[in-house]
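> Take a look at the following structure, please.
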Amino acid sequence: MSNTNQGPVTVLGLGMMGAALANAFVRNGNPTTVWNRSAGKAEALVAQGAVFAPDIREAIAAGPVVVACVSTYEVLNELFAGAAAELKGKVVVNLTSGTPEDARAAAVWAEQHGVRYLDGAVMAVPQMIGLPQALIFYGGSQELFAEQEELLKPLAGTGVYLGEDTGVPMIYDLGLLSLLWSSLAGYFHAVALVRSAGVPAEAFTPFAAGWIEHVIAPAIPQSAREIDSNSFETEVSSLDVNKAAIEHLVATSRQLGINSDLPAAVQALIERRVAQGFGTHSLASLVEAFEQG
Ligand SMILES: NC(=O)c1ccc[n+]([C@@H]2O[C@H](COP(=O)([O-])OP(=O)(O)OC[C@H]3O[C@@H](n4cnc5c(N)ncnc54)[C@H](OP(=O)(O)O)[C@@H]3O)[C@@H](O)[C@H]2O)c1
């Protein structure tokens, strides 16, 4: 009996991510047809057993499922517009990153052109593709995801279906990127502070790592509980207490000539909530400051 995990697949786009996706299919034994604007990027994959189709329409026609990963939705839309006839009746799993609205518009286009469409957000770097720790979020028809889930397994240890709205994977993607950029920016600001005292970044690592493990990571589930139950009263660390502390951080950064934009932005949110009468709330209540725009 044939394994549904090893069906034929076409991969469009062989940049860093697309090549890693195609590579995972080839390693898994899926007959893999590949296409890329610059043909040279297919060479290594062809050497491993992939078939290169020089024409995108030929690549799409080669099998029932197309996995697309190009730089932007603008590029994707242009490529698809030129191959609408070949795409009709195919399954498209689009792993290009963009905005939730890009993903929703692509789903509308697919629906109008008889294409069965899933959108996905890859939460991994190319080197992680195919490994257990790789994560991909998917959105679109539940029936279609159930049908394609096995085929998509070689790409990531965890494939999470988030519902019919194809914009939601991108919202999760951007949410995790927001967390990544803001937390790392906080770390870099902290390192600028300690370097002002002549301390190398690595000397600070045990304290930064321990702080994340013992203070910041546990604050995430705790904050989520408070946010979902709309109950922010705290006896541990109120906004009033944080307002006083962050003043020291902003003032010290300025004194040392260190850019204070990041802590000043957080300070403004805290001050706004305190001015609105929520000084006894925990930091989790800042979610409402964000939601107020
Ligand atoms: N790399 C990562 O760590 C990572 C992680 C998560 C998500 N992603 C997302 O995955 C997508 C691809 O990223 P990547 O890292 O593979 O980028 P990349 O290495 O820059 O590759 C871009 C791909 O898009 C193609 N392309 C660009 N403009 C084109 C055009 N006008 N016509 C046809 N093809 C065009 C390129 O073709 P050529 O080879 O001919 O230039 C190439 O296949 C992006 O949306 C990115 O945000 C990447």
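The values are calculated or read from the model by the stated rules, or taken from the named source; none is laboratory data. Quantities reported herein were computed from a predicted structural model and do not represent experimental measurements. Note: ideal-geometry Cβ built from the backbone for every residue, glycine included; neighbour counts use all protein chains shown.
> Give the residue, chosen from 144, 118, that is under 22 Å from residue 12 (Cα atoms), part of a strand (DSSP E or B) and more than 15 Å from the ligand (Cβ to nearest atom).
118
> Ok, one more. Taking the range 1-25 as the search range and keeping residues that are outside any helix (DSSP H, G or I) and buried (at least 23 other Cβ atoms within 10 Å of the Cβ), which one is farthest from the ligand (Cβ to nearest atom)?
Here the answer is 9.
> Give me a count of the residues in the range 67-103 that are away from the ligand (no atom under 16 Å from the Cβ) and either β-branched (Val, Ile, Thr) or more than 23 Å from residue 34 (Cβ to Cβ) (or both).
Qualifying residue count for the region: 1.
> Take the residues in the range 97-132 that are β-branched (Val, Ile, Thr) and either farther than 20 Å from residue 167 by Cβ or modelled with pLDDT under 95 (or both); name whichever of them is surrounded by the fewest Cβ atoms within 10 Å (Cβ to Cβ).
My answer is 125.
> Just give me the residues in the range 26-63 being within 15 Å of the ligand (Cβ to nearest atom), within 18 Å of residue 126 (Cα to Cα) and part of a helix (DSSP H, G or I), in sequence order.
Result: 41, 42, 43, 44, 45.
> Which residues, counting only those in the range 121-141, are within 16 Å of the ligand (Cβ to nearest atom), not in a loop (DSSP other than H, G, I, E, B) and not β-branched (Val, Ile, Thr)?
The answer is 121, 123, 126, 127, 128, 135, 137, 138, 139.
> Follow-up question, since we're still on this one. Does the range 64-73 contain at least one residue that is under 18 Å from residue 163 (Cα atoms), part of a helix (DSSP H, G or I) and either in the same structural domain as residue 31 (by TED's automatic domain parsing) or in contact with a Phe, Trp or Tyr (Cβ under 9 Å, 6 or more places away or on another chain) (or both)?
No.
> State whether one or more residues within the range 147-159 are among the polar types (S, T, N, Q), under 13 Å from the mean Cα position of the chain (by Cα) and part of a helix (DSSP H, G or I). Reasoning before the result, please.
First, the residues of the range 147-159 that are among the polar types (S, T, N, Q): 148, 158.
If we keep only those that are under 13 Å from the mean Cα position of the chain (by Cα) too, we end up with none.
No, the range 147-159 contains no residue that is among the polar types (S, T, N, Q), under 13 Å from the mean Cα position of the chain (by Cα) and part of a helix (DSSP H, G or I).
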